[in-house]
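For reference, the structure is listed below as structure tokens.
Each value in this text was obtained by applying a stated rule to the coordinates, not by laboratory testing. Computed from a predicted model, the values in this text were never measured in an experiment. When we count neighbours, we look across all protein chains shown, and the Cβ atoms used for this are built from the backbone with ideal geometry, even at glycine.
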Amino acid sequence: MEGAFTHMGNHLVSDSAAAINAGDDDLSTLDPDESLLYGKYNGRGGLGSARRRNDDDDNETENFDDDDTESVASVPVGAMKGLNLKAPEEEKKLPPHACAYCGIHSPGSVVKCLACNKWFCSARGNASSSHIVNHLVRARHKEVQLHPQSTLGDTTLECYNCGTKNVFLLGFIPAKSDTVVVLLCRQPCAATPSSKDMSWDTSRWQPLIEDRSFLPWLVSPPSDNEQLRARHLTPPMISKLEEMWKENANATIADLEKAASIDDDPLPVLLKYEDPYQYQNIFGPLVKMESDYDKKLKEAQSEDGLVVRWDLGLNTKHLASFTFPKLESGDVKLAVGDEMRLKYKGELRPPWEGVGYVVKIPNNQSDEVTLELRKTGNDKSVPTECTHNFSADYVWKATSYDRMQTAMKTFAMDEMSVSGYIFHKLLGHEVAVAPMKTNLPKKFSVPGLPELNSSQISAIRNVLLTPLSLIQGPPGTGKTVTSATIIYHLAKMNNGQVLVCPPYSEVP
């Protein structure tokens, strides 16, 4: 063993790993040629020699200048419009591994996001989390690689046992011999010791990310001098930059400044509105923005290379079941009743596409999504004999947003479209209303529904006595049961029908 640490895989091997256990995270005295992480392929993190250099630009492993250890950044800024950026020729002086937020590029302080190939540092700036963690959370990315010239080399962080690369699940465990530190995921590897090495002390598992930042012995914080000279982006500016990357992956800080010069922000909402025209002028653009964002989000929920399992429902409609990887990763959301388009692009038959509705989403029994295809005049064309080379995408409809816009226009142009009480309540005006004369039921619980607790009974009593109410609470507090009970009592008291408008197609 040539130095304090030697390379053995996705292990961290030292003469005294107890230094890490005791909280001594300062590894700055290590020789750059020495390695900490031990991978499964006898190289730096299983990726070969520390001095290996690829010609592939995506790997960002080319030789760097000696001045890479110093941070080059612009002056701090106070506001978006006052952003003092470098000239284009000066920006080119930043190495490719400079932090995409602030420009810090000390090799030991930056981490590469493998999903977008951008580099981020461990500085916090004006935010509560480090830049790399901030980006991973906002972009929903999970895999990272260290810098080739860092103490640990160009190692991709992964579980030593199962190989998972989700950094939010990874942690380290000191071996009982106090000579090895192993990277393991929280579930299932850290919870169930592997037969590879029964000397792991799983009770001492600690996450690699702590206090919204990577541990300092893994990714060292930049020096105070580097942080003072770095670009200082506010959280709103970082948020706008991340949104720009969704449209243009090559967007830069300069593009952010150009976008800031265009004042396209909507008017802020108010607590009180002078008239319905002001209400419509403020909420109309907001609904349009939400509609555009929802359309972009839903249209991006396409998935190729699906394997479909065919079945026939009791109503003789074709059922197509398949796994949706984007749904499992949390990148998209799907609900029963959503409309999707299924396409076949294989070579066994002519191209085909059909539209159906989601009748099943992943649950504890199955990870499959099931579509019930809409009947057409030629159901025989459904490629039930094919199972591979299918793709699915979401069919977006603007119906709900169009109804919102129509309702606001009607509200603005026709003051008699709603009652006077609701009219003034929507505008935020103070309205004095006497309690409604209602004969409250002696028993609030409804047959066939769970028994109510004191909070639910209090909410039901107040709703039955007031013309307009809002029921809110955390998940699992029984809002649906409370609402169903209120509907039951309203129908009983008024001896008439009650209009129920839920946000989904099926009412329990």
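In a reduced charge model with +1 at each Lys and Arg Cβ and -1 at each Asp and Glu Cβ, the range 363-508 shows a dipole moment near 740 debye about its Cα centre. What's the local net charge at Glu339, with K and R +1, D and E -1, over the other residues with C-beta under 11 Å away? Net of charged neighbours comes to +1. Residue exposure proxy: Ile460, Ile253, ordered by other Cβ atoms within 10 angstrom of their Cβ from fewest to most, comes out as Ile253, Ile460.
Converting phi to 3J(HN,Hα) with the Karplus coefficients 6.51, -1.76 and 1.60 and the offset θ = phi - 60°, the range 104-112 yields 4, 9, 5, x, x, 10, 10, 9, 9 Hz in sequence order, with x at every glycine or proline. Please find the FRET efficiency linking Asn117 to Asp304, where r is the Cβ-Cβ separation and R0 is fixed at 25 Å, and quote it to the nearest 0.05. Efficiency, rounded to the nearest 0.05: 0.70. Take 466-478, 122-134, 161-173 and order them by the average number of nearby Cβ atoms within 10 Å per residue, most first; the result is 122-134, 161-173, 466-478. How high is the FRET efficiency between Thr234 and Lys258 when r is their beta carbon distance and R₀ equals 22 Å, given to the nearest 0.05? It comes to 0.80. Taking other C-beta atoms within 10 angstrom as a stand-in for reagent exposure, His424, His135 fall in the order His424, His135, fewest first.
Label zone (Ala407, point 7 Å along Cα-to-C-beta; backbone nitrogen cut-off 16 Å) within the range 475-499: 499.
For Asn453 and Val498, a Förster radius of 35 Å and the Cβ-Cβ distance give a FRET efficiency of 0.90, rounded to the nearest 0.05. Using the average count of surrounding beta-carbon atoms within 10 Å as a protection proxy, the listed peptides 295-301, 220-226, 450-456 rank, highest first, as 220-226, 295-301, 450-456. For the listed residue pairs Lys295/Lys492; Lys93/Lys240; Lys333/Lys425; Lys240/Lys345; Lys296/Lys409; Lys165/Lys288, the alpha carbons are over 30 angstrom apart in Lys295/Lys492; Lys333/Lys425; Lys240/Lys345; Lys165/Lys288.
The residues Glu372, Glu290, when put in order of fewest to most other Cβ atoms within 10 Å, stand as Glu290, Glu372.
Model label sites at Asn281 and Lys326, defined 7 Å from Cα along the beta-carbon direction, differ in position by 3.9 nm. Spin-label model, His429/Asn166: points 7 Å from Cα along the beta carbon direction are separated by 5.3 nm.
Taking other residues whose beta carbon is less than 14 angstrom from the beta carbon of Ala398, and scoring Lys, Arg as +1 and Asp, Glu as -1, yields 0.
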